[in-house]
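Notes follow the structure.
Where a number appears in this text, it was derived from the coordinates with a stated rule and is not lab data. The structure displayed is predicted, hence computed values, not measured ones. Here the Cβ is made from the backbone with ideal geometry for all residues, glycine too, and neighbour counts use every protein chain on show.
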Amino acid sequence: MNVSNSCNSALSSPGEAYIYMSFYGLLFIVGLTLNILALWVFCCRMRKWTETQVYMVNLAVADSGLILLFPIVIYFTRASCLEDLSCQVPQAIYLVNAYMSISIPMAIGVDRYVAIRFPLKAKVLRTPGQAAIVCALLWVVVISMLVFRVIWQIQDGTFCFWRKPEMHISVVVFSLLGFFIPLGILVFCTFQIVCSLLKVQRREVSEVRQIRKSVSMVLASLLMFVICFLPLHITILLNFFLGSNDGLRRVFKIFTFIAHTNCCLDAICYYFVAKEFQEVTPFFCLWRRQPRPMAPQDKKTCTTLM
């Protein structure tokens, strides 16, 4: 293994280090508080487990795990140390939680897509058990991808919280598989959901208003996801293909912080998305039952989807 004897700091000045620690200290306090509160609500205050609740709990666990590693991230981006397992293990855990924070919103998007596009099949396809299986598979896939990345990248001794300017190809591969594929799936599901909701024909003003509100919420969720994660992963690709420089390194740090703010936003945004879909689904089921050309199975009674 080609391991350097020392690690360079990723922070170029004491002023930058102060700003860095201040921002992450604030994120740590706010994010951990919100996610612990979310876990308490979902696990202790809600009487019946639903598939949405299963996804939310896994999302809060992933976000909390990521937030708890912020102090270690700060330490290893500042300290001069050996690039050994003391850094590689926390980085691995960090990346597992980071990419689970990306994968679970994708699963939530697919779940919503099934609820809206296939309401009659949703009773079978959308259950807490099915959601738990999906989450377990996502954890296994992300951890397996990361084990492969660690084995691949550790050989070059460059696997330690961005302290070296070069970007290993395994980072790019992991970025493509861990972000851009989930992004494509989430974009597809979101626009299918929006198109379906906009086709709902309701006469009452309150119902129209509720549907519009739901459309706004699901688009806002997609926008939040894109703003938080897309700039960082584009920067990763630019860093690899164009080579690292001071400008890209500064941009990378800024976009990494923006991506980490998602840990706070998840606890707020996805709760409201779940609430909005719970309110709008009965409208959609009733619309499905209105007289129109349909397959025979579409005439069956719509089930409760939340």
For ILE227 and VAL141, extending 7 Å from Cα along the Cα-Cβ vector and measuring point to point gives, in nm, a value of 2.7 nm
Placing each pseudo-label 7 Å from Cα in the direction of the beta carbon, LEU242 and VAL89 end up separated by a distance in nanometres of 3.8 nm
Least to most buried among LEU230, LEU69, by other C-beta atoms within 10 Å and fewest first, runs LEU230, LEU69
Extend 7 Å from the Cα of LYS123 along its Cα-to-C-beta direction; within the range 49-71, residues with backbone N under 17 Å of that point are 51
When THR52, THR256 are ranked with the fewest other C-beta atoms within 10 Å first, the list becomes THR256, THR52
The exposure ranking of CYS263, CYS44, CYS189, fewest beta-carbon neighbours within 10 Å first, is CYS44, CYS189, CYS263
Quick calc: nm separation of the 7 Å Cα→Cβ label points for VAL187 and SER22 -> 3.6 nm
